[in-house]
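*Asks:* After the structure tokens below, expect a handful of questions from me.
The values are calculated or read from the model by the stated rules, or taken from the named source; none is laboratory data. This structure is a prediction, so every number in the text was calculated from the model and none was measured. Ideal geometry is used to build each Cβ from the backbone, glycine not excepted, and the neighbour counts take in all protein chains shown. Side chains are part of the model used for accessible areas, which takes the heavy atoms of the whole protein and leaves out ligands, DNA and RNA. Shrake-Rupley method; radii C 1.70, N 1.55, O 1.52, S 1.80 Å.
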Amino acid sequence: MASLDTAVSVSSKENVSTAISDSGSSSSLKPPPLPQRNTADSGNVRVHYGYTDSIGTISIIRQAELYSSSSLNEVSDLFVNSNSINSNNNSINSTNNNTALNGDNLKTRLEEIKSSLNDEESDRNQYWIGIINDYSNQYIRNLKIEEIEKYLSNGIPTNLRALVYIKTIQVRYRLHHKESFDNLVKKAKYSNSNKELENYLQESGIESDLVDVLSVYNYYINELVTTHVTPSITENHSADYAPPSKFIISVAKILSKVPNFEKDEVFYILLKFNKLLSLLAKDEFYYKISRSLEDIVHKVFLHISVQGIFLNDLYKKLLFNYFEEKITDEEQLLKILDVIVFEGFDVILRIIVWAFIENQDQILKLDGDELNNFIYSSEFFSSLNFDLNEVFKHEPQIIKYENEFHLMHANSLNNNRNELSNLQEVNDELLIKINDLNRQLENLQTTHKEILEQSEQFNVQLEAAKSQNEQLVSEQLTLQQKLRELTMEDNLNNTIQANKDFEERNNELELQIDELKKSIETKTQKLAKLGPIAPTSTQTETIPLSEEALASKDTEPPSEIEVAKND
């Protein structure tokens, strides 16, 4: 809390030093008496928080202390403290386009912006102008937490947002006068860490305006700082040069929509957010969210736990991806970022609690995979009417949960840290396997769907083929019947024709028989006239005949040759 009293003590010291310097060097002159210090208000100022204070009060005081701490400042020769730079310093190169982020510079820029502010929102604008000019954080000292949350719920005015961020986050450094942001962009473009960054940024859908800022950020984090401030949450990238985390990329996209931000200022703000994320006790943060859900929506949390759904993955996605694909309205994302600037990441806890309360009826209706898919879907947030006023109504007991978490790690389980770490690793591996199996299941489901579609097509084709086959079989039977009919008619015609041929042949044979009979009678009569004739040696001998010949002889009439021989 000493950091919040610094402004008062520094101003008093400056008055003393000024009075002494004006009094002259003569030892005979006494310094003028110090003005009476007004302690009427300071005695009632409470710059600490208690167990019963609201989560907004706790978060705002903690965040102000964190911004004032040295752990949130960058330790690098690349930067100098902008408060120590006199505006009349002629050693700064005139071509250097670095922004001097000191009080005078903010006041100058604020005067330039005032002319563009909307008069209809004068009360809102005046409030935030007062926040920019409030260098001693009087709004915290006076505990006007509800008031600032009321204005935060409506969002910081667009034209003032950049200055409010710079002042609240306490960006008090700038690039060294020998360095410029444009020069850093050139160095970053040809640095070792930037070789794979461009493709990675394209895969992430980054606009060209942000490429320079993220390239400089990546170059600074990977090559200019001896140790990484925080491990980037990325996949499939080398451990030597990790690209910016998804959280930084998401925040950079949001900051690109804010007017009156210079590129180097966005770079400084990203460094601050990176430090904030690295200093966040993530396991404790996840525990606080789960305990808040357990206390506030106990029935819903119990139902989810019975289904075996692991909510830590949801917390991680919302934190590291900054509500990517969950909340698509840029204005809402800017309002959430406004609250993060003043209250830190605990606002994400309150948003999650609010979302589960709003969706509790739907959650209790679903089970198993349907429930899991709904919780992790974009519909879980997009279907709700997002309102920060409703979010601020929920007051989880975060100090209670933090104490529980620290007590759990201070008891005997702390001795089994290695075993717990091993179990966590095994759990992470199992989660990876589960994700792989889920992807395989999705592929199998896709393949199964394709097979079903092909099967339906084949069934349709089979039905068509069956119908065509029935038509062909019917046509075949018809043709066979016609063929049989045609075959019987041909046989009948052939038989009739054969009978006709036989009849003609018989007629011819009868005529021959009649002629032979007449010839025999004629010859018989001639023989009778001549008388009997004795057989001679010249007479033809009788030729023995076979049985077949004999049989035919009895039935067939003698031929002319035989008759001639007999004659």
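*Asks:* So how many residues does the stretch 389-404 have that are open to solvent by less than 30 Å² (accessible area, probe 1.4 Å) and either farther than 22 Å from Ile363 by Cα or assigned to a loop (DSSP other than H, G, I, E, B) (or both)? Show your work before the answer.
*Replies:* First, the residues of the stretch 389-404 that are open to solvent by less than 30 Å² (accessible area, probe 1.4 Å): 391-392, 396, 398-399, 401-402.
When the remaining residues are screened for being either farther than 22 Å from Ile363 by Cα or assigned to a loop (DSSP other than H, G, I, E, B) (or both), the result is 392, 396, 398-399, 401-402.
Number of matching residues: 6.
*Asks:* Can you tell me how many residues within the stretch 312-356 are more than 18 Å from the chain's Cα centre (by Cα) and within 15 Å of Phe374 (Cβ to Cβ)?
*Replies:* Result for the stretch 312-356: 3.
*Asks:* Being under 29 Å from Lys178 (Cβ atoms) and at pLDDT below 70 narrows it down to one of Asn73, Asn81, Asn90, so name that one.
*Replies:* Testing whether each residue is under 29 Å from Lys178 (Cβ atoms) and at pLDDT below 70 leaves just Asn90.
*Asks:* Count, please, the residues in the stretch 295-315 that happen to be open to solvent by 30 Å² or more (accessible area, probe 1.4 Å) and touching a residue at least 60 places away in the same chain (Cβ under 8 Å). If you could, list the steps in order and put the result at the bottom.
*Replies:* Start the filter on the stretch 295-315 by keeping residues that are open to solvent by 30 Å² or more (accessible area, probe 1.4 Å), which leaves 295-296, 298-299, 301-303, 305-308, 310, 312-313.
If we keep only those that are touching a residue at least 60 places away in the same chain (Cβ under 8 Å) too, we end up with 295-296, 299, 303, 307, 310, 313.
Residues meeting the conditions: 7.
*Asks:* Further, regarding this structure: Within the stretch 247-270, is there a residue that is acidic (Asp, Glu), touching a Gly at 6+ places or on another chain (Cβ under 7 Å), open to solvent by less than 40 Å² (accessible area, probe 1.4 Å) and over 29 Å from Asp428 (Cα atoms)?
*Replies:* No, because not a single residue in the stretch 247-270 is acidic (Asp, Glu), touching a Gly at 6+ places or on another chain (Cβ under 7 Å), open to solvent by less than 40 Å² (accessible area, probe 1.4 Å) and over 29 Å from Asp428 (Cα atoms).
*Asks:* Shifting gears a bit: Filter the stretch 187-218 down to the residues that are under 19 Å from Phe273 (Cα atoms), part of a helix (DSSP H, G or I) and open to solvent by 20 Å² or more (accessible area, probe 1.4 Å), then identify the one that is modelled with the lowest pLDDT.
*Replies:* So, considering only residues that are under 19 Å from Phe273 (Cα atoms), part of a helix (DSSP H, G or I) and open to solvent by 20 Å² or more (accessible area, probe 1.4 Å), the one modelled with the lowest pLDDT is Val211.
*Asks:* Any idea which of (1) within 21 Å of Tyr151 (Cα to Cα); (2) in a helix (DSSP H, G or I) is the one Ile363 doesn't satisfy?
*Replies:* (1)
*Asks:* I want to confirm something. Restricting to the stretch 93-122 and keeping residues that are in a helix (DSSP H, G or I) and over 20 Å from Lys167 (Cα atoms), which single residue is modelled with the highest pLDDT?
*Replies:* Residue satisfying both the conditions and the ranking: Ser122.
*Asks:* Among the residues of the stretch 138-164, which ones are open to solvent by less than 20 Å² (accessible area, probe 1.4 Å) and at positive phi?
*Replies:* Within the stretch 138-164, just Gly155 meets the criteria.
*Asks:* Output the residues belonging to the stretch 173-186 that are open to solvent by less than 20 Å² (accessible area, probe 1.4 Å) and among the basic types (Lys, Arg).
*Replies:* Arg174, the sole residue that qualifies.
*Asks:* Among the numbered criteria (1) under 29 Å from Tyr165 (Cβ atoms); (2) in contact with a helix residue (DSSP H, G or I) (Cβ under 7 Å, 6 or more places away or on another chain); (3) in contact (Cβ under 8 Å) with a residue 60 or more places away in the chain, which one does Gln360 miss?
*Replies:* With respect to (1) under 29 Å from Tyr165 (Cβ atoms); (2) in contact with a helix residue (DSSP H, G or I) (Cβ under 7 Å, 6 or more places away or on another chain); (3) in contact (Cβ under 8 Å) with a residue 60 or more places away in the chain, Gln360 is out only on (1).
*Asks:* Next question. What number of residues within the stretch 366-388 are within 29 Å of Gly155 (Cα to Cα) and assigned to a loop (DSSP other than H, G, I, E, B)?
*Replies:* Of the residues in that region, 8 qualify.
*Asks:* Can you name the residue in the stretch 329-341 that is open to solvent by 10 Å² or more (accessible area, probe 1.4 Å) and in contact with a Phe, Trp or Tyr (Cβ under 9 Å, 6 or more places away or on another chain) and, of all such residues, is nearest to Val164 (Cα to Cα)?
*Replies:* Lys335
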